[in-house]
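The block underneath contains the structure these notes are about, expressed in structure tokens.
The values are calculated or read from the model by the stated rules, or taken from the named source; none is laboratory data. None of these values were measured; they are calculated from a predicted model. In this analysis, Cβ positions are derived from the backbone assuming ideal geometry, glycine residues included, and neighbour counts consider all displayed protein chains.
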Amino acid sequence: RAHTRRRPPPSAELPPRPPSRRRVTGRKMSSDEGIKQLLAAEERSQEIVTKARKERAALLKKAEQQAEKEVEAYRAERQAQLDALNARNQDSSDSKTEVLEADTERQIREVQDMIAANKDNVVQMLNHAVFDVKIDDASSQKQ
């Protein structure tokens, strides 16, 4: 005798049917009621879409405002850094200017001191060159 497997009854093999999506009422839906329901559903969906668009616009505006605040904060920070750098360079420039002015004044004093120290010698040399002219005979020049 061959071994046969017993099969469960056909109703046990099939999964249970999902409940129907149709609303079961005791009467048939008229086409006017169906259209009204569709219009109401469309209106609700339009309200949802409108609300979502408004929320999106509000989020974008908020993000833009936040970004503007961050840009302003960054700009202020960079401006402060620039001002500090300019102040440091200005101090450096002022000190360099003071050093240059002091060096120029020192060089001017040195030249003036040299002039004062050698004035008499220079005047004497100029007088000697101008006033001590040797005049030779014209006959000696012809030779």
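So how many residues does the stretch 103-116 have that are among the small types (Gly, Ala, Ser) and surrounded by 10 or more Cβ atoms within 10 Å (Cβ to Cβ)?
0
From Gln90, Gln141, Gln81, grab the single residue that is modelled with pLDDT of 90 or more, polar (S, T, N, Q) and part of a helix (DSSP H, G or I).
Gln81
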